[in-house]
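Undergrad: Attaching a single structure in structure tokens format; questions to follow.
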Amino acid sequence: MSEIPETASLMPTRRMPGWLRSRMRNVAPFATLIALIGFFWAASDSFASVGNLQNILTQISVTGIMAVGLTFVILCAEIDLSVAGIANATGIVVAFFTTQDASVGIANVPLAGWAAICIALASCFVLGAVNAFGLTRIGIPSFIMTLAMLQIAAGISALLVRGQIAYTVPSLVSTLGSRSLGPVPWIVIVAAIFLLAGHVVLTYTRFGRYVYMTGGNREAAEYSGVNTRAILSAVMIISAVCSGIAGMLGVAYFGSAQQNEFDTYLLDSISAVVVGGTSLFGGQGGIGNTIMGLLVLGVLNNGLDHINIDSFLKILIRGVILLAALVINVYAQRLQLTRST
Amino acid sequence: MPRPLLELSQVSKSFGGVAALRAVDFELEAGEIHGLVGENGAGKSTLMKIIAGVQTDYDGAMLLSGQPVRFLSPRDARVAGIGMVHQELSAVRDLSVAENVFLGAQPLNRLGLVAWAAMRRQAVEHLQRLEIEVDPGARMGTLSLGLQQLVELARVLFSGARIVILDEPTSALSPPEVERLFGLLRRLRDEGRTFVFISHFLDDVLAISNRLTVFRAGAAVATQSCAGTSKRWVIDRMIGAGHEKLEESYLADIALPRCPAAKTVLAVNGLTRPGAFRNVSFEVRAGEVLGIYGFLGSGQLEVAHALFGHPPASHGSIILDGRSVRLSSAPDARRSGIAFIPESRKMMLFGAEPVYKNMTITILDRIDRLWLRPGVECRIASRHVKQFHIRPPRVERPLSTLSGGNQQKVALAKWLTHLPRVLILAEPTRGMDVGAKDDVVTILRSLREQGLAILVVSSEPETVLSLADRILIMRKGAIVREFAEEPISKDRMLEAA
Ligand SMILES: Nc1ncnc2c1ncn2[C@@H]1O[C@H](COP(=O)(O)OP(=O)(O)OP(=O)(O)O)[C@@H](O)[C@H]1O
Ligand SMILES: [Mg+2]
């Protein structure tokens, strides 16, 4: 009983089992979520209730719809910074083509509800198509292209509302955005449908496989005969349309359409995707991860309101959590790489 | 007798319960070139990665100059004077050639900043010792695979490492570069440096090495001085007796077969891309394997890429089955019935994805237009795994856990489920062991019987000689000679090139 094997003493690290290494990106967000729920449950009496669960789900729904499209984009190793801008513009477009109260001083063009919705959908589609064109035909990196689009969308919003606030949207939109089906808000149902559809497309369809392959190794996808331009164009348009729909419902949910009202949603939706563990380098992750990320952020934001801390400190705490998630994201990538060398 | 420079004893390594190395003893003597041979997946790269500090989790002991060492990172190994050129090139594609030559060791000026001018100058000097002319400012990713391999060789050879591990360093080179490299290796050895040389070209290993070690299924089964050792002996140790036909070295003349007058499938006329190739014309008939041979940078790889529209040629016409086609992108080419296996595995494979997804990416639309059918995919992939003897035979394994040669087999398999009209192969046997190369010959023969038009493009003479029915030689972007229905040998071919 005298000799300790030398290898054991020299190798204290790196003994993480293989299955954990390869699943790090899925396990970490899940563990974070459990820990957060446990913490807030213990720290606050009002956190754990059915009513509050409903709150949390409602609060993450608009972000959730945007994050579906963004997941496609990030899986392709691209980024879309224009999601919130497009959401805002689309929400304003739909209000612009709806009859507003006489007190609203917007020179709007009242149309039938369905027509307003179609025009709004067409506009987010077009904005997405412009993103796609810039990325795949002109060759502008998505980071820059969508940064420009963010500005363009803000410009469209500004021109249409001119500093005013519109309140009315078509009844279909206001039902889905602000009413409930029994105890469940419609907006939660819509978000769930989008997440489910996104998951089905990514996991069970040919297009979904191409998305993963394009993100995993674009050159190899091209040499395998995959039309990567078409795939990239499609994901940019999917992202824009998801954002547009999130924007319309968001306007109904907030009860008003105005400039800059979605500004925080850009960071929220990117955080949701990344905190969930979808790789920023493309090809790894999915909607399951995004759902985890949404729940982590939702529980965090909501839970912080239930405990008694400085509201300025909350901002800092959110930043720290985001940083931790980024570290884990990059670390998970590295673990996978060392495993596969 | 002096102590060996490097001693490994009882080194074992397993991946998730599967043994890759079993109690390996391995010694390197100072100032030798030590050859390492063995089948695909035998464990050569794994052992070398342990020595170079890339694989840190293993059992067993390592002594360097008699002192026990345990490297925890490649940097540890580098500090101890060990450098390695990896089988899968590790160059940084977005950096310049000069930066790659000095990766991790840039010369600094008095202010502690990178001395750019000095770095470029020294990079040029280093590259010139390998007799390569490249612009040191060029981006690495724009270089051909062979040049990238040479730049990596320059990086490690001139890094001052006293032990240099070369894992299949010649797999993308043509004979002139190999000769130059061997000359340089001999000179550096005589200056006292020590090399490990891994290759599946047994003639090369026997020619350059002082001693060689044969690996088989994770064990070092024999170590022997190369003088007087025959290729036959090596193959017997590697895969067992009874494989005489694998010994072929193509030194004596072989006869190219008479081609039956079948109809022309692919006709290329005056294909040109300035700076790469010019006025290339040829025809490939159904049931024929046409080989295009040329040294590094002769344009044969670029022609192959142009036939897949990636990137397309700027002038000339391509006629497929009697109809003129425009191939301006890879999807175009695939739709027209052209399949292409590029020379680099990185261009072809998805490391993080399982083997079966790598194999079926090209045929997903034929399985189902909308949905994925993983069951069908796995069945198709399992068939290929059997046909190509891919090991380990598990289609769910991530591709990157396969050995280099086995990855190459996956790359080959991916176009063979639904047969194309024209199959273009660039360096199809890169990194394959002798047995696997023979499998490729058999498979191509059977495809030829089925009437495919096959184009094999390579800068490695044996590949072309073992596969082709007719051979074109390219030099400086143009076709300079055709060999058809006549005797040919390696020497004759190299002379023409
Ligand atoms: N990261 C990994 N995870 C799991 N298995 C691995 C990993 N790396 C290598 N292996 C397995 O270890 C065995 C030895 O592989 P290795 O790369 O050393 O072979 P090799 O002799 O270099 O073959 P080749 O000639 O094809 O390059 C193979 O069976 C391979 O599948
Ligand atoms: Mg290897």
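Undergrad: Mean separation of Cα pairs under 8 Å and 6+ residues apart, divided by the residue count of chain A: what relative contact order is that in percent?
TA: Working: 550 pairs, mean separation 109.7, N = 341.
RCO, chain A: 32 percent.
Undergrad: Same structure again: May I ask for the equivalent-ellipsoid semi-axes of chain B, computed as the square root of five times each C-alpha gyration tensor eigenvalue and listed largest first in whole Å? Walk me through the numbers before you get to the answer.
TA: Working: eigenvalues 276, 142, 110 Å².
Three semi-axes, in Å: 37, 27, 23.
Undergrad: Hey, if you drop one equal point scatterer on each alpha-carbon of the protein assembly as shown and run the Debye formula without solvent, what base-10 log of I(q)/I(0) do you get at q = 0.07, 0.08 Å⁻¹?
TA: Each listed q corresponds, in turn, to -0.64, -0.81.
Undergrad: For the range A:52-329, give the percent of accessible area contributed by carbon and sulfur heavy atoms, probe 1.4 Å, rounded to a whole number. Don't skip to the answer; put the middle values down first.
TA: Values: 7480 of 10720 Å².
Here it works out to 70 percent.
Undergrad: Please list the non-local residues whose amide H lies under 5 Å from the amide H of A:Leu81, H modeled 1.01 Å from N, same-chain partners needing a gap of 5 or more.
TA: Here A:Thr146, A:Leu147 satisfy the definition.
Undergrad: Would you mind telling me the antiparallel percentage of the DSSP bridges in chain B, rounded to 5? Before the final figure, lay out the partial values.
TA: On the way: 46 of 83 bridges.
Percentage antiparallel, nearest 5: 55.
Undergrad: Normalising by the residue count of chain B, find the relative contact order in percent from Cα pairs under 8 Å and 6+ residues apart.
TA: Values: 1015 pairs, mean separation 82.0, N = 497.
After rounding, I find 16 percent.
Undergrad: Enter the accessible area of B:Phe182 (Å², nearest 10), with the probe set to 1.4 Å and all protein chains included.
TA: B:Phe182 exposes around 10 Å² with every protein chain in place.
Undergrad: For the pairing of chain B with chain A, what total accessible surface becomes buried, with a 1.4 angstrom probe, in square angstrom to the nearest 100? All intermediate terms of the calculation are to be shown ahead of the outcome.
TA: Working: alone 21260 and 16770 Å², together 34950 Å².
Using a 1.4 Å probe on protein heavy atoms, the buried area is about 3100 Å².
Undergrad: Let me ask something additional. At a probe radius of 1.4 Å, what is the per-residue accessible area of B:Ser317, in Å² to the nearest 10?
TA: Here the accessible area works out near 40 Å².
Undergrad: I'd like the FRET efficiency for A:Asn260 and B:Ser249, computed as 1/(1 + (r/R0)^6) with the beta carbon distance as r and R0 of 51 Å, rounded to 0.05.
TA: Working: r = 75 Å, r/R0 = 1.47.
Efficiency at R0 = 51 Å is approximately 0.10.
Undergrad: Take the alpha carbon atoms of the range B:116-157, find their center, do the same for the range B:186-226, and report the distance between the two centers in whole angstrom.
TA: 26
Undergrad: So how far, in whole Å, is the C-alpha centre of the range A:263-329 from the one of the range A:173-251?
TA: Their Cα centres are 19 Å away from one another.
Undergrad: Could I have the simple spin-label model distance between A:Ile119 and B:Val92, label points 7 Å from Cα toward Cβ, reported in nm to one decimal?
TA: With each label placed 7 Å out from Cα toward Cβ, I get 5.3 nm.
Undergrad: Moving on. With every protein chain left in place, what is the accessible area per residue of chain B in square angstrom, probe 1.4 Å? Intermediate results must be reported in sequence, preceding the final value.
TA: On the way: 19790 Å² over 497 residues.
Accessible area per residue, chain B: 40 Å².
Undergrad: Evaluate peptide B:343-353: per residue, the Cβ atoms of other protein chains within 10 Å of its Cβ; return the mean as an integer.
TA: On the way: counts 0, 3, 1, 4, 6, 5, 5, 9, 8, 13, 8.
So the per-residue partner count for this stretch is 6.
Undergrad: Then there is this: When the accessible area of chain B is split by element with a 1.4 Å probe, what percent falls to carbon and sulfur?
TA: Working: 9960 of 19790 Å².
Whole-percent figure for carbon plus sulfur exposure: 50.
Undergrad: A further question on this structure: In square nanometres, what is one fourth of the surface area of the convex hull spanned by the alpha carbons of the range A:52-329? Intermediate results must be reported in sequence, preceding the final value.
TA: Values: hull surface 60.7 nm².
About 15.2 nm², averaged over all directions.
Undergrad: Okay, next question. Any chance you could check the range A:213-234 for residues losing 10 Å² or more of accessible area when the partner protein chains are in, compared with the chain on its own (1.4 Å probe)?
TA: Residues losing area: A:Met213, A:Asn217, A:Glu219, A:Ala220, A:Glu222, A:Tyr223, A:Ser224, A:Gly225, A:Val226, A:Asn227.
Undergrad: Just how far, in whole angstrom, is the range B:411-437 from the range B:1-62 if you go by their alpha carbon centroids?
TA: Each part's Cα centre sits 30 Å from the other's.
Undergrad: I'd like the residues of the range B:308-341 whose 1.4 Å-probe accessible area shrinks by no less than 30 Å² going from the isolated chain to the full set of protein chains.
TA: B:His310, B:Pro331, B:Arg334
Undergrad: Right, here's the next one. Can you say what percent of the DSSP beta bridges in the range B:6-246, counting only those with both residues inside, are antiparallel? Round to 5.
TA: Working: 23 of 41 bridges.
For the range B:6-246, the DSSP antiparallel bridge percentage is about 55.
Undergrad: Also, I was wondering about something else. Could I have the simple spin-label model distance between B:Gln450 and A:Ala43, label points 7 Å from Cα toward Cβ, reported in nm to one decimal?
TA: The answer from the label model is 6.3 nm.
Undergrad: To the nearest 10 square angstrom, how much accessible area does B:Trp415 have with a 1.4 angstrom probe?
TA: Counting only protein heavy atoms, the figure is 20 Å².
Undergrad: Order the following by accessible area, largest value first: A:Phe143, B:Phe201. Probe radius 1.4 Å; ligands, DNA and RNA are ignored. Could the numbers behind the result be given before it?
TA: Details: A:Phe143 115, B:Phe201 40 Å².
Ranking A:Phe143, B:Phe201 by accessible area, largest first, yields A:Phe143, B:Phe201.
Undergrad: How big is the range A:219-331 by Rg and Dmax over its Cα atoms, in Å?
TA: 17.2, 57
Undergrad: With a 1.4 Å probe and every protein chain left in place, work out the accessible area per residue of chain A in Å², rounded to a whole number.
TA: Working: 15150 Å² over 341 residues.
Per-residue accessible area for chain A comes out at 44 Å².
Undergrad: Leaving ligands, DNA and RNA out of it, rank B:Leu266, A:Leu266 by accessible area with a 1.4 Å probe, largest first.
TA: Details: B:Leu266 0, A:Leu266 35 Å².
So the residues, ranked largest to smallest area, are A:Leu266, B:Leu266.
Undergrad: Of the listed peptides B:218-227, B:250-259, what is their order by residue-averaged count of other C-beta atoms within 10 Å, with the highest listed first? Intermediate results must be reported in sequence, preceding the final value.
TA: Working: B:218-227: 16.0, B:250-259: 12.9.
Descending mean neighbour count gives B:218-227, B:250-259.
The values are calculated or read from the model by the stated rules, or taken from the named source; none is laboratory data. Remember, predicted model here, so these are calculated numbers, not experimental data. Every residue, glycine as well, gets a Cβ built from its backbone with ideal geometry; the counts of neighbours run over all protein chains shown. Heavy atoms of the whole protein, side chains included, go into the accessibility calculation; ligands, DNA and RNA do not. Shrake-Rupley method; radii C 1.70, N 1.55, O 1.52, S 1.80 Å.
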